[in-house]
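First the structure, in the form of structure tokens, and then the observations on it.
The values are calculated or read from the model by the stated rules, or taken from the named source; none is laboratory data. In this text, all values refer to a predicted model and were calculated from it rather than measured experimentally. Virtual Cβ from ideal backbone geometry, glycine too; neighbours counted across all protein chains shown.
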Amino acid sequence: SAKRERRPGYVRYHPEMGRAALRRASLSRALHAGLQQQAFRLVLQPQIRLSDGEVLGVEALLRWGDESGVSPAEFIPVAESTGLILPLGTWVIDEACAQLAQLQRRTGLPLRMAINVSLAQWRDNALLGHLDAAARRHGLQPQQVEIELTESLAMQEVDQLLPRLHALRERGMRVALDDFGTGFSSLAYLQHMPVDLLKIDRSFVHEIGCSRRGEDIVRTIVSLGRLIGLEVLAEGVETLQQEDFLRGLGCDATQGYLRARPMGLDALCDWLARRRVDGVADA
Ligand code: C2E
Ligand code: MG
Ligand code: MG
Ligand code: MG
């Protein structure tokens, strides 16, 4: 009633809110069905070394349905809040390893596969077992498997995550801190975090050539990485100007639309073959 709405602590009803909640509920049902119906697939986006243009690996990015489908930014949070992220994440791990093995057979290249892992998966005792099983089943070296967690999650849960991160690294798997720069890492923590790679968030890369402050943040992250001996990769590189700036700073690698969009396995094999013919020095 109108009376209740005026009480402090009550949230006023908005039609928009109802619509969002309904959409989440129907998304959640559709996600469950989608997992059963194999409606998910992975696309792979190349990661490229800045010094010589060599392809180092690919990141697996989840897709639901066709091109016009719902974006991961919308359905991943729903999968996280309903617990579906656990079976879905296990599928992603196995499928990513299967695709990396295929990629290696078809191209002869010993690439790496970066896999995004949500907090609920990190908290799950079965995570390491799933990773071991997938790497073994598809004949991959542990060094080829890189697990991404976002910097903000890493910092919120650092004490619980540390043993798991150490266990991963002891197997030889790699750890990347995703969306770096958005999570307020303290230097003290970072120095002791068992991680290999910092991925600069694309919101900062976007500022290159636009704002001095954005450029300063990018410069600071690259120097920080060098100082504590971590690799640094810049996400969302879309222009030559951004790429030149990053190369000038000594950033190790990039991932972005300038060089390659996320692609299916067949398209990726074609793309890699074409690069070999054309030569890599197209920068
Ligand atoms: P992320 O892990 O930070 O992935 C990078 C995102 O940036 C991807 O969006 C990618 O398509 C996009 N991107 C790459 N290069 C460019 C560029 O040059 N410009 C622009 N504007 N965007 C670029 P996508 O595929 O929509 O994924 C969004 C987020 O969803 C991911 O961010 C990740 O947090 C999450 N996600 C995707 N796949 C998975 C998955 O398998 N598991 C989990 N837990 N999360 C996933
Ligand atoms: Mg990622
Ligand atoms: Mg990211
Ligand atoms: Mg992200």
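Some notes on this structure:
- Filtered residues of segment 139-156 (kept if buried (at least 18 other Cβ atoms within 10 Å of the Cβ) and either among the basic types (Lys, Arg) or over 17 Å from the mean Cα position of the chain (by Cα) (or both)): LEU140
- Scanning segment 23-46 for residues that are within 15 Å of ligand 2 (Cβ to nearest atom) and touching a Lys or Arg at 6+ places or on another chain (Cβ under 8 Å) yields LEU42, VAL43, GLN45, PRO46.
- In the condition set (1) crowded, with 18+ Cβ neighbours inside 10 Å; (2) assigned to a helix (DSSP H, G or I); (3) more than 14 Å from ligand 4 (Cβ to nearest atom), PHE204 is compliant with all but (3).
- Test: residue in segment 117-127 that is touching a Ser or Thr at 6+ places or on another chain (Cβ under 7 Å), in contact (Cβ under 8 Å) with a residue 12 or more places away in the chain and surrounded by fewer than 19 Cβ atoms within 10 Å (Cβ to Cβ): no
- Selected residue [modelled with pLDDT of 95 or more and either buried (at least 18 other Cβ atoms within 10 Å of the Cβ) or more than 10 Å from ligand 1 (Cβ to nearest atom) (or both)] from ASP66, ASP94: ASP94
- Qualifying residue in segment 172-192 (condition: assigned to a loop (DSSP other than H, G, I, E, B), more than 16 Å from ligand 4 (Cβ to nearest atom) and modelled with pLDDT of 95 or more): yes
- Flag for ALA79 being more than 16 Å from ligand 4 (Cβ to nearest atom) and in a helix (DSSP H, G or I): no
- Selection within segment 108-146 - among the β-branched types (Val, Ile, Thr) and within 16 Å of ligand 4 (Cβ to nearest atom): ILE115, VAL117
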